[in-house]
Amino acid sequence: MQVFLSHTSTDKDAVEAIGSFLTSRGLTVWIDSWRMTVGDSLVQRIGEGIESSDRLVVCLTPASVESNWVKKEVATGLVMELAEDKGLGDKFVVPALFIPCKVPVMLRDKLYANFTNKAFQAGCEELLAGVTASPRGARDARLKNGIVRTYEVSSKTPGNAALVVEFAVRISPTDGLHVGMDVGAMYKSVTEWFGPPNNPLPPANICGAYTSSSERHEPPIFARKFSTPNVTSTKSYYLLFESTQPFFLKPVQYLDYFDREP
């Protein structure tokens with residue numbers, strides 16, 4: 001069975017993680033970044049991918065439902081016509097809700113895999129059940145929702161080392177945070193902020209309020225716990241450490257406020 005994953009560029013990381021999950025379950029996955037090369041015709045190759053697929057997963061976010069493709073192909077029913085031509089009926093299109101949004105009319109009567117109210121792994125299992133039209137069973141693979149990224153950046157003080165640690169999620173938001181780490185250096189300062197994923201530059205004005213907050217500053221150890229705000233697919237939590245010594249980051253603890261894996 002071949003599954004086509006329709007998405008916007010902002011959802012690329014999450015979609016590729018889902019693609020890896022489905023591939024591990026023996027399905028063939030069509031994602032543009034996996035199947036296309038420089039010089040390919042976008043319209044032609046994507047059209048071929050959809051027509052050759054047995055299932056079309058439409059990843060729903062505020063950005064995707066406003067995309068031209070969803071408005072023209074899904075909302076107007078052209079994809080449904082293709083499903084009838086393929087003899088697949090209403091099983092061809094499988095919606096997957098990534099971020100709460102206004103679901104296109106043509107999809108409102110369909111059950112969807114809901115990634116907004118459960119862990120990423122559970123959302124993948126739910127999607128797999130819809131794609132294969134079979135009950136969910138025990139699974140042995142596990143994809144993490146939480147992501148930890150690190151960046152070596154320029155220090156504000158010449159000669160110093162600077163390290164940024166980002167805590168992000170693929171789909172499901174956290175319930176607060178409880179993070180901790182040993183950065184391997186006697187850091188002189190640490191700066192915290194929230195910002196877009198994959199963007200380790202601190203904003204000009206850093207401000208924010210944490211609730212139920214506690215922290216531990218004992219270089220090289222740092223830990224912080226708070227119940228809000230949350231990390232979401234569009235908002236990461238960042239830490240910037242500065243030191244006169246090089247950093248050697250050791251295993252990082254990344255839990256939510258209730259000490260559960262995000």
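Structure data summary
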quantity	calculated
Conditions (1) at pLDDT 80 or above; (2) surrounded by 16 or more Cβ atoms within 10 Å (Cβ to Cβ); (3) in a helix (DSSP H, G or I); number of the one not met by THR23	(2)
Residues located in region 198-221, provided they are buried (at least 16 other Cβ atoms within 10 Å of the Cβ) and either within 26 Å of the chain's Cα centre (by Cα) or under 25 Å from ILE99 (Cβ atoms) (or both)	PRO200, PRO202, TYR210
Region 89-114 residues that are in the same structural domain as ALA17 (by TED's automatic domain parsing), paired with ones that are assigned to a strand (DSSP E or B) and polar (S, T, N, Q) (beta carbon under 7 Å, 6 or more apart)	LEU97/ASN114
Failed item in (1) at pLDDT below 60; (2) under 24 Å from the mean Cα position of the chain (by Cα), with LYS72 passing the rest	(2)
Single residue of GLY184, GLY195 found to be without any contact (Cβ under 8 Å) to a residue 60 or more places away in the chain, surrounded by 15 or more Cβ atoms within 10 Å (Cβ to Cβ) and either aliphatic (A, V, I, L, M) or outside the structural domain of CYS59 (by TED's automatic domain parsing) (or both)	GLY195
Complete set of residues in region 213-235 that are touching a Lys or Arg at 6+ places or on another chain (Cβ under 8 Å) and among the small types (Gly, Ala, Ser)	SER213, SER214, ALA223, SER233
Extreme residue, surrounded by the fewest Cβ atoms within 10 Å (Cβ to Cβ), among residues of region 140-166 that are assigned to a loop (DSSP other than H, G, I, E, B) and among the hydroxyl-bearing types (Ser, Thr, Tyr)	SER154
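The values are calculated or read from the model by the stated rules, or taken from the named source; none is laboratory data. For clarity, every value in this text was computed on a predicted model and none was experimentally measured. Because the Cβ atoms are built from the backbone with ideal geometry, glycine has one as well, and the counts that use them run over all protein chains shown.
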